[in-house]
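Shown next, in structure tokens, is the structure this report addresses.
Here, each number is a calculation from the coordinates, and none is a lab measurement. Everything numeric here is computed off the predicted structure, so don't read it as measured data. Please note: Cβ atoms are built from the backbone with ideal geometry, for glycine as well, and neighbour counts cover all protein chains shown.
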Amino acid sequence: MRIFGGLIGMALACAASLTACAPHAPSSEKDALPHFVTQNGRHAFIVDGQPFLMLGAQANNSSNYPSALPKVWPAVEALHANTLEIPVAWEQIEPSEGQFDFSYVDTLVAQAREHNVRLVLLWFGAYKNTGPNYAPGWVKVNNQRFPRMMDASGGIVYALSPHIQATLDADSRAFAALMRHVRSIDGALHTVIMVQVENETGVYGPVRDFSPAAQALFDAQAPAALLAALHKPPGTWTQVFGRDADEFFAAWHMARYVEQVAQAGHREYALPMYANAALRDPVNYQDPHSFASGGPTWDVIEIWKAAAPTLSVLAPDVYERAYPVASAHFARYTRADNPLMIVEIGNDPAYARYMFAVFGAGGVGFAPFGMDYTGYSNYPLGASAEGEARIAPFAQLFEVMAPVARDWARIAYEHPTWGVAKPDDNADQEIALGDSRWKATVEYDEWAFGFARWNMAHDEPPPNLAKRSGGAMIAQLAPDEYLLIAQNARVSFALKDAGGANGVIFDRVEEGRFERGQWVMDRVWNGDQTDYGLNFSDQPRVLRVKLATY
Ligand code: DGJ
């Protein structure tokens with residue numbers, strides 16, 4: 001028994017109030033700084049004292065110069081993003097040792113304020129996609145002072161060793177100087193809300209550093225702090241971790257390196273910090289020679305959590321269009337001890353639909369990568385389209401999300417939420433809606449009117465079938481009441497157990513928005529708009545749905 005249309009039932013007040021959703025006021029000094037909070041396994045990113053949903057844009061890698069910024073802001077604006085993620089390179093702030101130049105950071109922060117956009121700074125230090133390319137010349141070509149890793153045959157590899165105190169000290173000093181400077185120019189306004197420490201750490205190829213110093217550590221007992229965190233008995237790395245010993249050793253030491261850099265910055269200015277991950281296969285075993293071993297991949301999240309407590313988030317960089325793989329990546333990083341935050345996702349149109357899955361899973365941020373007009377495309381990883389065409393599929397979603405972003409974040413912190421992205425095979429998706437008496441079904445093979453099985457269109461395929469966009473996110477507001485945001489889908493509701501009810505009906509379906517945390521109805525959906533489920537086109541909508549039985 002599904003709800004397809006019905007009579008207008010009990011009316012809701014036009015400006016119904018969502019209890020437990022009143023905006024939080026900053027109550028302490030700590031609340032003034034952006035930070036993460038967790039309750040009942042749900043997370044919120046608190047900015048200005050209230051939950052914040054990051055609708056992000058990540059700029060291209062070389063957009064971190066004042067001359068490039070005029071090509072960044074128009075894309076951020078067209079996207080309706082509320083946050084720009086953009087690199088700050090070690091080479092640009094410390095071109096000569098001890099000589100700091102923060103002119104780019106000053107320009108960036110000033111322009112972000114003019115554009116009313118928050119910033120996430122990406123510290124490209126000793127590790128950028130595992131390599132040292134963004135380290136200043138005085139670091140990256142001085143192999144004596146800043147040694148690289150060695151492979152198992154004693155060859156020098158490209159990546160810097162995380163076991164070298166001089167590298168850690170130099171990287172930490174520069175990062176601390178950056179954070180000190182950011183505090184001095186932004187400690188009151190918090191235009192900068194979060195900082196990424198390094199970028200995609202680990203190493204491709206040798207799994208870990210095999211230099212003599214690293215080998216001595218590897219042959220010794222595994223650290224007691226790690227063993228305690230993982231509830232493992234004492235022993236050497238190989239004794240305790242067997243097949244995984246090399247990778248886990250790499251992860252622990254890379255995480256310790258990042259933690260110490262993070263701490264150095266955090267002591268200067270305690271903004272939330274995170275690390276991003278180049279990913280491994282989320283389902284099947286993958287030989288660590290073939291991914292960035294040592295980075296925060298899903299199998300070493302516990303190790304990173306134990307080694308790097310200063311990091312609030314471990315964030316997956318998702319560059320896999322295929323629905324089962326992308327979904328598995330999201331699931332791996334959705335944890336009670338880790339807010340789901342997608343700080344990088346491909347900018348091909350096929351990735352936009354994942355916004356519904358991420359926010360529906362309680363995710364606190366979603367940021368496509370390469371969202372500027374500098375004329376670079378990272379196709380085939382991301383989009384081939386440039387300019388407006390690249391931005392549009394994401395902008396369509398962010399435009400609708402932007403006015404409700406704070407409200408969704410607040411609701412998702414207090415209430416259960418669910419979300420689905422359109423699967424590649426167009427299969428129906430049933431959402432159990434937790435322990436409520438309702439379930440929802442999301443379909444992609446229906447017209448906005450009637451049922452495709454009636455074949456009124458004589459075998460013409462329904463419009464959503466061919467699209468690689470769409471999805472739905474749902475928050476439960478009350479036992480029979482839901483907030484629903486969806487695109488290119490039909491969403492219908494049914495009782496899990498129809499026993500005892502003669503039928504089900506939409507009590508009320510309101511399209512609307514929030515004003516200062518209060519729901520404001522714009523119009524009621526009824527008739528054709530509800531007779532065949534709730535049908536969404538390319539234009540996403542925000543609905544408040546009250547369900548009833550009779
Ligand atoms: C992931 C990295 O984190 C980004 O900086 C960028 O290099 C992309 N891969 C590829 O465009």
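Working note: Karplus 6.51/-1.76/1.60 with θ = phi - 60° gives the range 493-500 the couplings 10, 8, 6, 5, 10, 6, x, x Hz, where Gly and Pro are set to x. Checking the Cα-Cα distances for Lys305/Lys467; Lys305/Lys496; Lys439/Lys467; Lys71/Lys422 against a 30 Å cut-off, the pairs over it are Lys305/Lys467; Lys305/Lys496; Lys71/Lys422. Normalised radius of gyration (Cα atoms, divided by 2.2 N^0.38 Å) for the range 234-348: 1.09.
Let me make sure I get this right: for the range 353-468, a, b and c are the square roots of the gyration tensor eigenvalues over alpha carbons, sorted descending. Under 1.5 in a/c it's rounded, otherwise prolate if a/b > b/c, else oblate. Which is it? Write down the numbers at each step before the final one.
Details: a/c = 2.34, a/b = 1.14, b/c = 2.05.
Because a/c hits 1.5 or more and a/b fails to exceed b/c, the range 353-468 counts as oblate.
Derived scalar couplings between HN and Hα for the range 254-265 equal 5, 5, 5, 4, 4, 4, 6, 5, 4, 4, 4, x Hz in order, rounded to whole Hz, by the Karplus curve 6.51 cos²θ - 1.76 cosθ + 1.60 (θ = phi - 60°), x for Gly and Pro. Annotation: amide H of Arg118 within the under-5 Å range of Thr83, Leu84, sequence separation 5 or more or interchain, hydrogens built in the peptide plane.
Take Ile301, Ile156, Ile391 and order them by how many other Cβ atoms sit within 10 Å, fewest up front.
On the way: Ile301 18, Ile156 12, Ile391 27.
Neighbour counts put them in this order, fewest first: Ile156, Ile301, Ile391.
Spacing of the modelled spin labels on Gln165 and Ala432, each 7 Å from Cα toward Cβ, amounts to 5.4 nm. Counting beta carbons within 10 Å around each of Ile193, Ile303 and listing the fewest first gives the order Ile193, Ile303. Listed by Cβ neighbour count within 10 Å, with the fewest neighbours leading, Leu53, Leu33, Leu168 appear as Leu33, Leu168, Leu53. Ellipticity at 222 nm from helices only: DSSP H runs of n ≥ 4 in the chain, each -39500 (n - 2.57), divided by the residue count, give -8000 deg cm²/dmol. Reducing the range 322-341 and the range 422-491 to their Cα centroids gives an inter-centroid distance of 22 Å. Phi-derived couplings, Karplus 6.51 cos²θ - 1.76 cosθ + 1.60 at θ = phi - 60°, listed residue by residue for the range 306-323: 6, 7, 10, x, 6, 7, 7, 9, 10, 10, x, 8, 9, 10, 10, 5, 4, 4 Hz, with x used for Gly and Pro. Database remark: amide H of Val157 closer than 5 angstrom to the amide H of Met149, Met150, Asp151 (H placed geometrically; neighbours at sequence offset of 5 or more, or on other chains; Pro and chain starts carry no H). Take every Cα pair under 8 Å whose residues are at least 6 apart in sequence, average their separation, divide by the length of the range 391-547, and the relative contact order is 26 percent.
How big is the equivalent ellipsoid of the chain along its three axes, where each semi-axis is √(5λ) from the Cα gyration tensor, reported in whole Å from largest to smallest? Write down the numbers at each step before the final one.
Numbers: eigenvalues 385, 129, 97 Å².
Value: 44, 25, 22 Å, ordered largest first.
Apply 1/(1 + (r/R0)^6) to the Cβ-Cβ distance of Asp48 and Asp480, taking R0 = 30 Å, and write down the FRET efficiency to the nearest 0.05.
Numbers: r = 33 Å, r/R0 = 1.10.
E between Asp48 and Asp480, to the nearest 0.05, is 0.35.
Partner lysines whose Cα lies under 25 Å from the Cα of Lys140, excluding those fewer than 8 positions away in the same chain, are identified as Lys128. Averaging the sequence gap over all C-alpha pairs within less than 8 Å and six or more residues apart, then dividing by the number of residues, gives the range 101-249 a relative contact order of 27 percent.
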